[in-house]
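Worksheet for the structure shown next.
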Amino acid sequence: MIRHLLALALLAATPARAAFTLAQMHAYPYTSELVAATRADRIAWVRTLRGIRNIWVADGPAFVPRQVTHYTDDDGMELSNLVLSPDGSALAFVRGGDHDSNWPSPTEPNPAGLNAQPKVTLYVADPSGRAPQVKIDEGDAPALSAKGVLAYVKDHAVWTAGLTGQTPHRLFFDRGHDGALAWSPDGARLAFVSNRSDHSFVGVYTSSATPLTWLSPSTGYDADPVWSPDSTRIAFTRRPGDGGPPEPFLTQVPHPWSIWTASVASGAGARVWASPNTLYGSFPETAGGANLHWAGRDRLTFTADLDGWPHLYAVAAGRGEPKLLTPGAFMVEHVAAAPDGTAVAYSANTGAAPGDEDRRHLFLLSLTNDRTLQLTSGDGGEWAPVSMPNGIAFVASNPNRPPTVSILTLDPKRDGPRELSGQSAPSEFPGKQFVAPRQITFRSEDGLTIHGQLFATPGGGPRKPALIFVHGGPPRQMLLGWHYMDYYSHAYAMNQYLAAHGYVVLSVNYRLGVGYGHDFHHPNGAGPAGAAEYKDVLAAARWLQARPEVDPARLGIWGGSYGGYLTGLALARNSDIFKAGVDLHGVHDWSRLLAEEVPSTPNRYEQGDRAKLNAVAWASSPVADIATLTSPVLLIHGDDDRNVRFNQTIDLARRLDAKGVAYEELILPDETHGFLREADWLKADRAMIDFLSRKLGGAND
């Protein structure tokens, strides 16, 4: 009897053995880079499976997917910048590079250790899949005109080449760094942005015999050029150029902006609208910026935070006051204008279902009567709409099904959205065993309401180890399902794996993130100005500690990038609470980061305030509290990181050495911030699971 009771006790104290392995979890496909032709029902996207990236295309009305590239290796070579010609007859794309980096590097990433130096290379593919793809040139950011002309950026200049590989040549000379290429609807002219470091211009190229036209040049930063439907005017945004008097010390200040239009023939421009000089009037930082579009009835639509939320507005292209089109306590995010300018499709974190503030659903705004129709609903998420002549395509998922392409056509015979065929995950992927994360809310120390997603499975004993997950960014929002960024879809899958292996996981949407309004996104005293967001992480830990199924003595934390920073801060300030942590490419010394990555930051303040800034930044850093860091930590970092410098992890490791604190490290040579190879993600995940199982007692593969 005693032996039997002892066996039952040991069984109750052991985490439940997971039904799936880490390798099986990694078998999910991911969909990204969805684009559409403006004059044909043709779409294209990138599908990544086990690190192998390929482009797929589908045509209406059947929209049967077909593969048009045939890469076979997990070589870390991105496929990005997809663009279809207006009639859908040509598809340009870019292979290689790191398009999420914060700063340029003299060489392109090579995480696979290839002997030949990788280059960012431009290709043109036959969307029908019948002809082989054509290598055009080393280049980036392609644009295809209605006349079949290809323009792209190479060495900060604008180049052109034939679609079948004719000799490339520079299209025109400009001493600025050129980008944001946009062909006119008639295909006759090319708009571009010329960045001059402390200011920028919008220019227009017409022909080799015609000088460039500069649109109402000023001392400001001009950007986001969009053409009028008749190809005679361009609308663009303007922000103040770099300079001016010092800002108040560690105080939020407005960053106003304006919308302009200009004649392509003369370059003469006029201001359409100027934002108020308030914090809510600052240039929008969510939803892809201003999302400026030319709409019907000679109006412009754009996004702004004027009422404290990122919303869509419309303003007359001549001049006038903007009209709020999407009122409510929610965020408008991915925006796609209909080719004819009569409607706008967008994603937003709102809906009728509980928890929709932590999801994305799609809506259609008619610009003829300014009415909105909700297109999708339920427990899943939908995002990245693209407009076609007869409907929209978008990416959709639910808590168990990874993101795939769906279609919503205007065909009255079809009833609602439909997922395209042939995109399912391999049979070994264990999505059916995933739990539906539960939305929870709790109060931070100062009374702020914080959202989170709880991952927990039944069984595994009366007291389980627990983990806090903190996202990066920080302008991000973790969702009740898969994410529209591949980095955070990986985090979602990892949290599912951890839950299946006996952990209770709480993913925390701390202040500084998006989805809960301008004030939540721009709090006082956060980051290097005081780390106020750590209050939310600590409150999440207290919430978990009070759960009856959680063992408070086995609480850990993990996160990457800004989440790595918060992981380091949690271990440094509260090793009494956080017994172990996994810190992926985190920031550990704000004062060093500001000096190296944002060198202009101290120059915004009076001389006497610069030392104060450095002191506050240091006090907001994990290294400032190294004396109280006693919990073990696993440091993971790629040494070709272009978002958080590798020296941040080197510095922390040396300080831990000096203090005698136990740490482990996994360093990935030539890997970038968002690990370009699936093999490296799998290596990092295995190291993390092994570390946590040894330190907190969770199960392993």
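Annotations
- Residues of segment 425-471 that are among the small types (G, A, S), assigned to a loop (DSSP other than H, G, I, E, B) and either surrounded by 15 or more Cβ atoms within 10 Å (Cβ to Cβ) or without any contact (Cβ under 8 Å) to a residue 12 or more places away in the chain (or both): A425, S427, S444, G447, A456, G460, G461.
- Picking from residues in segment 294-310 that are assigned to a loop (DSSP other than H, G, I, E, B) and under 21 Å from the mean Cα position of the chain (by Cα), the one that is farthest from S258 (Cα to Cα) is W309.
- Test: residue in segment 499-511 that is assigned to a helix (DSSP H, G or I), in the same structural domain as G460 (by TED's automatic domain parsing) and buried (at least 20 other Cβ atoms within 10 Å of the Cβ): yes
- Extreme residue, nearest to the chain's Cα centre (by Cα), among residues of segment 673-701 that are assigned to a helix (DSSP H, G or I) and of a type in the set (D, E, K, R): E678
- Counted residues, segment 151-210 - those being among the β-branched types (V, I, T), surrounded by fewer than 21 Cβ atoms within 10 Å (Cβ to Cβ) and over 26 Å from A131 (Cβ atoms): 2
- Any hit, segment 254-263, residues being without any contact (Cβ under 8 Å) to a residue 24 or more places away in the chain and out of contact with any Ser or Thr (no Cβ under 8 Å at 6 or more places or on another chain): no
- Within segment 75-96, restricting attention to residues that are within 17 Å of P132 (Cα to Cα) and not hydrophobic (A, V, I, L, M, F, W, C), the residue that is surrounded by the fewest Cβ atoms within 10 Å (Cβ to Cβ) is S89.
- Among the residues of segment 40-63, just one is charged (D, E, K, R), touching a Gly at 6+ places or on another chain (Cβ under 7 Å) and surrounded by fewer than 23 Cβ atoms within 10 Å (Cβ to Cβ), namely D41.
- When each of Q496, Q477 is tested for being part of a loop (DSSP other than H, G, I, E, B), assigned by TED's automatic domain parsing to the domain that holds G674 and surrounded by 21 or more Cβ atoms within 10 Å (Cβ to Cβ), the lone residue that passes is Q477.
- Selection count, segment 267-293, where residues are free of Cβ contacts under 8 Å to residues at least 24 places away in the same chain and either of a type in the set (S, T, N, Q) or in a loop (DSSP other than H, G, I, E, B) (or both): 1
- Residue tally, condition touching a Lys or Arg at 6+ places or on another chain (Cβ under 6 Å) and at pLDDT 95 or above, over segment 203-260: 8
- Hey, A699 in contact with a His (Cβ under 8 Å, 6 or more places away or on another chain), of a type in the set (A, V, I, L, M) and at pLDDT below 95 or not: yes
The values are calculated or read from the model by the stated rules, or taken from the named source; none is laboratory data. Note that the structure is a prediction, hence the values are computed from the model and not measured. Cβ atoms come from the backbone with ideal geometry, glycine included; neighbour counts cover every protein chain shown.
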